[in-house]
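Quick notes on the structure that follows.
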Amino acid sequence: MKRFCLYSFCLFFFILLGEYTNAQNASQGKVMIVPEPVMQKVNAGVFKLTSDVKIVIPANNKEVNTTAKLFAEQIAVPTGFYLKSVTTAGKSEKSINLVLNKVSDNAIGAEGYALSVKPSGITIRANKPAGIFNGIQTLLQLLPSDIVSKGKVSTTAWNIPCVEVTDYPRFGWRGLMLDVSRHFFSKEFVKKYIDQMAQYKFNVFHWHLSDNNGWRIEIKKYPKLTEVGAWRVPRTGVYGSYEGPREGEKATDGGFYTQEDIKEVVKYAQDRNITILPELDMPGHSMALAAAYPAVSCTQQQSTVYPGGGPCGDNVLCVGNEDNFTMIDDILTEVAALFPGKYIHIGGDEVDKGFWKACPKCQKRMKDEGLKNEEELQSYFITRLEKIVESKGKELIGWDEILEGGLAPGALVMSWRGVDGGIAAAKKGHYVVMSPTQYCYLDYMQADHTVERIGGGFLSISQVYKFEPVPDGVDPKFILGGQGNVWTEFIPNDRRVEYMTWPRAFALSETLWSPKEKRNWDNFVPRMEAQMKRYEKAKVNYAPSVYDPTIVPIKDKDGNMQLTFATEIKGLDVYYTFDCTFPDDFAAKYQQKPIDIPKGASEIWAITYRNGKPVGRLMIIGIGELKQRL
Ligand code: ACM
Ligand code: ZN
């Protein structure tokens, strides 16, 4: 309790860089855009956005019309302007022109755009509506940050700096995955998340709709999937330490999306250049399915939806049970009809093959099919699923475990246990999305666990920024792109999803969109901070971990522990105490030399300052714990 109050106190004093506008930055020849565009030139002058500006759209193009409407709606509240869309503007009228190229500009592809801002007008040209949408996202970032404020702001001059931008993505797959099984997130929150993704030019929302802990999509033919599978007993606390269901306890925690909800979200995403990839995780991670229909598993045990923690129980679909393939076919028929994208993700990860070893039906299947081991049984299962997926006019994606026992012929691999699975798949001529834990697992903590408290591992934003989706020696044409994964075992609410996603997904967006040679951490930091400032105005949560000091214990020549500090960004001063008092800039300042630990000290307290203001959070770490890290 004591510490909780101190953290809050610290957050209260958390102060970032002062206000900025891109028009002011432009006077120094730079603008703050994430992800960094391919080419940009800042010119003198501004375009003054006023209420009489018209948005000029092509006649008869629904998608560009929608983009124009969304832009007008987005800026209406803060500016008080309700910009009209027209197909031709009057001669003297100032306009924002959204132009589809008559002759395709091959350099910018389907999602690229050219944006020109002059005092007299703005033009976004693109080959396809997706490019116009992306150009609008850049334009929004050029507007003063009040543009994202909730509530009307009337005092700001809505000046847009004059720029010439030519921009297009490095990869066609720029994804974020949200796990809505471990914790359920409402349709409204999912839409908000999609809005955030679109602003940073992500274009795939991978929706992890089923797992051991909840089945989240209505399937009309199998109503128990959501009547039973979407609900579990309520638990508060830390995943992994939850008590199992008590005798007679009601399962009241959870939720699911109706098919109407799904259609609404799919359309919402489409309007924002985002394709939704649905995932139903099979044959492991299937406890919610097995709780609803116990006959699907090897043991056919009656069980409840798994609340998390403790043994995972019977998590495997029986491959020997032919009815399961009929059921999966039925389920995928409904799923395929709801999602217009090319792919369906069937999971395939972390299967406990022990159940198959002990199951007479699975063993019979292996014998009948001449399968040598359970890995080949997994491959048999995935290959049959691939046929089902293809019969619905879709293609199959699975986690990299689907390589075990032989990869199904047309499968796309999502490489998560490092990049090796992706490399192996690409070498066999399969398409790959890279999502390795070391760079892309946004459920991992991003600051010391004494501050962040819970998370699956550790992944700092500067590490995310180092993500390179194309490993050496791999033909880049097989690497479609990359993806950040937000698993939610340790993420119980909306605000925490945002906190874990941002700012790391700013870094990820740049690794997936911007040219490799433009990647530069020091150049990225102020642009990231500009986005953080906008998120404060937009009331989107984000992690301030990049300002936290990291305490690194080392050994002196006699083997005694000394302490050093590291910071992810330059220009931070670290102040510390050993007497359990709050450090401010009158406390001892770290001088970039190892510090001795005073006798009797039980904790170190540390904080960062920049330009005389506290910016990081208070770190309190026990000396005993630091010794264990040595
Ligand atoms: C995974 O993280 N099990 C794909
Ligand atoms: Zn079985």
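Structure values in brief
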{"quantity": "Scope the stretch 124-158; condition within 25 Å of residue 92 (Cβ to Cβ) and either free of Cβ contacts under 8 Å to residues at least 24 places away in the same chain or crowded, with 17+ Cβ neighbours inside 10 Å (or both); matching residues", "calculated": "124, 125, 132, 135, 136, 139, 142, 143, 158"}
{"quantity": "Single condition residue 494 does not satisfy, out of (1) within 13 Å of ligand 1 (Cβ to nearest atom); (2) closer than 30 Å to residue 616 by Cα", "calculated": "(1)"}
{"quantity": "Those residues of the stretch 568-578 which are of a type in the set (D, E, K, R) and surrounded by 13 or more Cβ atoms within 10 Å (Cβ to Cβ), in sequence order", "calculated": "568, 573"}
{"quantity": "Test: residue 530 is farther than 26 Å from residue 415 by Cβ, among the small types (Gly, Ala, Ser) and not in a loop (DSSP other than H, G, I, E, B)", "calculated": "yes"}
{"quantity": "Every residue from the stretch 402-423 that is in contact with a strand residue (DSSP E or B) (Cβ under 9 Å, 6 or more places away or on another chain), within 16 Å of ligand 1 (Cβ to nearest atom) and under 25 Å from residue 457 (Cβ atoms)", "calculated": "402, 403, 413, 414, 415, 416, 417, 419, 421, 422"}
{"quantity": "Single condition residue 182 does not satisfy, out of (1) outside any loop (DSSP other than H, G, I, E, B); (2) within 17 Å of residue 496 (Cα to Cα)", "calculated": "(1)"}
{"quantity": "Evaluation of residue 398 against (1) within 16 Å of ligand 1 (Cβ to nearest atom); (2) part of a loop (DSSP other than H, G, I, E, B) (one fails), failing number", "calculated": "(2)"}
{"quantity": "Sole residue being assigned to a helix (DSSP H, G or I), hydrophobic (A, V, I, L, M, F, W, C) and more than 16 Å from ligand 2 (Cβ to nearest atom), chosen from 451, 433", "calculated": "451"}
{"quantity": "Near pairs, Cβ below 6 angstrom, 6+ apart or cross-chain, from the stretch 319-340 (within 16 Å of ligand 1 (Cβ to nearest atom)) to any residue that is in a loop (DSSP other than H, G, I, E, B)", "calculated": "none"}
{"quantity": "Single condition residue 427 does not satisfy, out of (1) out of contact with any helix residue (DSSP H, G or I) (no Cβ under 7 Å at 6 or more places or on another chain); (2) farther than 15 Å from residue 343 by Cβ; (3) surrounded by 22 or more Cβ atoms within 10 Å (Cβ to Cβ); (4) not polar (S, T, N, Q)", "calculated": "(3)"}
{"quantity": "Enumeration of residues in the stretch 556-596 that are part of a strand (DSSP E or B) and more than 28 Å from residue 454 (Cα to Cα)", "calculated": "588, 589, 595, 596"}
{"quantity": "Residue match in the stretch 368-389 (condition: away from ligand 1 (no atom under 16 Å from the Cβ), in contact (Cβ under 8 Å) with a residue 60 or more places away in the chain and among the small types (Gly, Ala, Ser))", "calculated": "no"}
{"quantity": "Those residues of the stretch 37-53 which are surrounded by 13 or more Cβ atoms within 10 Å (Cβ to Cβ), more than 16 Å from residue 108 (Cβ to Cβ) and in contact (Cβ under 8 Å) with a residue 60 or more places away in the chain, in sequence order", "calculated": "42, 43, 45, 46, 47, 48, 49"}
{"quantity": "Near pairs, Cβ below 8 angstrom, 6+ apart or cross-chain, from the stretch 345-360 (farther than 13 Å from residue 379 by Cα) to any residue that is β-branched (Val, Ile, Thr) and more than 9 Å from ligand 2 (Cβ to nearest atom)", "calculated": "345/397"}
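None of the figures in this text is laboratory data; all of them are computed from the coordinates on show. Being a predicted model, the structure only gives us computed values, none of them experimental. Neighbour counts are summed over all protein chains in view; Cβ atoms, including those assigned to glycine, are modelled from backbone coordinates with ideal geometry.
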